[in-house]
Amino acid sequence: MMIKETYQVTAGDMTAAGDVSARIKRHMKQLGIPASVMRRVAVGTYEAEINLVIHSDGGRIDFAITPEGIDIRVVDVGPGIADIEKAMTEGWSTATNEVRNMGFGAGMGLPNMKRNADEFTIASEVGVGTDIHMLFRI
Amino acid sequence: MSDTPYFHSVRLDAEKCKGCTTCLKRCPTEAIRIRNNRATILHERCIDCGECIRVCTSHAKIAVTDPLEIIDGFKYKIALPAPTLYSQFIHVHRSEPIIASLLKIGFDDVFEVARAAEVVSYAISKLLITEDRPKPVISSACPVILRLIQINFPSLLDNVIDMISPMEAAAKIAKEEFAKKHGVPVGEIGAFFISPCAAKMTAVKNPLGQEKSYVDGVIAIKDIYTRIEKHLKEGFDPLEIDRASTVGIKWAIPGGETSAVGSRNSLCVDGVENVMRVLEQIENARFERLDYFEGLACTNGCLGGPLTVENCFVAKNRLASVVKHTAQRMVSKTEIFEDAVSTLRMTQEIEPNEVMQLRGSIFERIKRAEEIEMICKGLPGFDCGSCGSPTCRALAWDIAHGYANELNCVFKLQERISQMAEEMVKLGESTRFTSYRKDDGSKKEGL
């Protein structure tokens, strides 16, 4: 028993950025997921979505809501992260000036996801892509 | 909780409703359905924002407020004019003649809500400094936004400042001052809000954050307008009341509250759709350093209230002129300001309103959500409103709860009709074939 959906996210399309997280949030509100959990999921998925748009060559977000919690998987098709440890450091970013001017790329994306999720794993290979998994317990 | 049913100011005049989808599409909480060719308001969802009143071309949406005669139920009557009132009269750029007119209409005293707004501003600014609160702190002044947060953004309820509104503060202080000055019991004094806002009427009948409202009646600006207007050109005696300063009067304009509160990084947003988008972003933690948020349901804030007479932009321009003719110094006594932090505090928690949520255990809720998703996938996704529900998703919810069925969707109905027509044709063809065989004579010959 679960709510399960998959969304494609297009690289560089800032106009659609935030649609998926808004959709997940609407599900959570309808389901009456506790406010504290909902806010953490909202922050985590929004960061993940923005990351896909800004840094990746495109990808998808899978989410599943079960009685135990909210499971988010973010998979992209490249370019992959060379140094994950560095990428997980607050304030470190490879974002272009253009993106920074839009108020993004402050280097808080991955650290924010990790801080908000109950479980966070990341795997990445340059030239292949990045695979992030977040679990939020209800 | 009281046993009296929840009172809504915003209602439907069924006679005038022609059952179009104009209001349906504009309601921010999806509280309207069109059934049997007329609108119905789902009362538990309605936040009395008045959007439907503004957009209805048939004037079938109305706001119920108290008639002026309500003041006759009290021995002593105090008018509490919202600062918006000062912006409503053409060629009047001062508040004095308007206040004098209120006294001529039959009020014994006038206490400007703007004066109470000064006291509330002071108390809020003090709380922002002395107490550690979740940021941004959210204003509690707009009753529509409070209800909106209860329904759609319950996670932000902790951010709402627990101070009563300037209207409530005005009623409380006005009655106390009047009772003390004239030596009469508070129970004999009625305080009446002169309102641009329908939701204030609802807030008085069903208060949030306090058990009982201090306000005894809410009179719409549009209802009292001509009565005031009649006296405006007459001369009047010098007013013997403590007057509000520019600080309080500016509360009628978007941003007036934030500037009065004086926090370092504040934001004011007007228009309920805009406010919803920004609350969404606050929930997503997109504002890093926002201290204070003022959300106003109406475009141009209270100046755009559904019970006003003047166009809100004209009113804004005129109020700026009134501000120029108003003193900058506040006159309220120091102890009122100092005590406000405790005396004007809300006494009850504001609870989340779970009306938009599914019911039952988490298992049952997920199961119902799955069902809604399934139904939704079968709908066209045009959100046209022709079915009487505002969106396809809302129709899916309504179907899952037994309030509607799939054939309320005109596209589904069309599909079904052409399906049936096809079946009819097939049936027709097959019966024609039988009769042809019957008539070809072969059977007769066989007999």
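A few notes on this one:
- Taking a straight Cα-Cα cut-off under 17 Å and skipping sequence neighbours fewer than 8 places away in the same chain, the lysines within cross-link reach of B:K367 are A:K4, A:K29, B:K377.
- Residue order for B:F74, B:F382, fewest other beta carbons within 10 angstrom first, comes to B:F382, B:F74.
- The 3J(HN,Hα) values that the Karplus relation (6.51, -1.76, 1.60; θ = phi - 60°) gives for segment B:294-306 are, in residue order, 10, x, 10, 5, 8, 4, 6, x, 4, 5, x, x, x Hz. Gly and Pro appear as x.
- With neighbours defined as other Cβ atoms within 10 Å of a residue's Cβ, the residues B:V341, B:V215 order from fewest to most as B:V341, B:V215.
- Of all aspartates and glutamates in the structure, those lying under 13 Å Cα to Cα from B:K222, and not within fewer than 8 positions of it along the same chain, are B:D66, B:E310.
- Label sites at B:A14 and B:V331, each approximated as a point 7 angstrom past Cα along Cα to Cβ, lie 5.1 nm apart.
- Charge dipole of chain B about the Cα centre (unit charges at C-beta), most positive-ward option of B:P83, B:L24, B:I151: B:L24
- Global form of the protein assembly as shown, assessed from the alpha-carbon gyration tensor, a/c cut-off 1.5: oblate
- Whether segment B:203-330 is rounded, prolate or oblate, judged on the alpha carbon gyration tensor where a/c under 1.5 counts as rounded: prolate
- Relative contact order, whole percent, for chain B stands at 20, derived from Cα pairs under 8 Å and 6 or more residues apart.
- Karplus 3J(HN,Hα) series, Hz, for segment A:52-62 with 6.51 cos²θ - 1.76 cosθ + 1.60 (x for Gly, Pro): 4, 5, 7, 9, 9, 8, x, x, 9, 10, 9
- Residue range of chain B that is longest and free of GluC sites (Glu not before Pro) which are both DSSP loop and sparsely packed (at most 15 other C-beta within 10 Å): B:355-447
- Förster-model FRET efficiency, 51 Å R0, A:T121 and B:K233, C-beta, rounded to 0.05: 0.10
- Take each residue in B:346-356, count the other chain C-beta atoms within 10 Å of its C-beta, and the mean is 1.
- Ranked list, fewest to most other Cβ atoms within 10 Å of each Cβ, for A:D76, B:D108, A:D13: A:D13, B:D108, A:D76
- For segment A:1-82, the relative contact order comes to 41 percent (Cα pairs under 8 Å, sequence separation of at least 6).
- Choice from B:I78, B:I375, B:I53 showing the highest fluctuation, given a GNM over chain B with Cα pairs closer than 10 Å: B:I375
- Sum of -39500 (n - 2.57) over DSSP H runs of 4+, divided by residues of the protein assembly as shown (222 nm, nearest 500): -12500 deg cm²/dmol
- Measuring between alpha carbons in the structure, the pairs from B:K126/B:K250; B:K18/B:K61; B:K104/B:K324; A:K86/A:K114; A:K25/B:K205 lying more than 22 angstrom apart are B:K104/B:K324; A:K25/B:K205.
- Of all DSSP-defined beta bridges confined to the protein assembly as shown, some 65% are antiparallel rather than parallel.
- Its relative contact order, with pairs defined as Cα atoms under 8 Å and 6+ residues apart, puts chain A at 28 percent.
Bear in mind that the values in this text are calculations on the coordinates, not laboratory data. If you're wondering where the values come from, they're calculated on a predicted model, not measured in any experiment. When we count neighbours, we look across all protein chains shown, and the Cβ atoms used for this are built from the backbone with ideal geometry, even at glycine.
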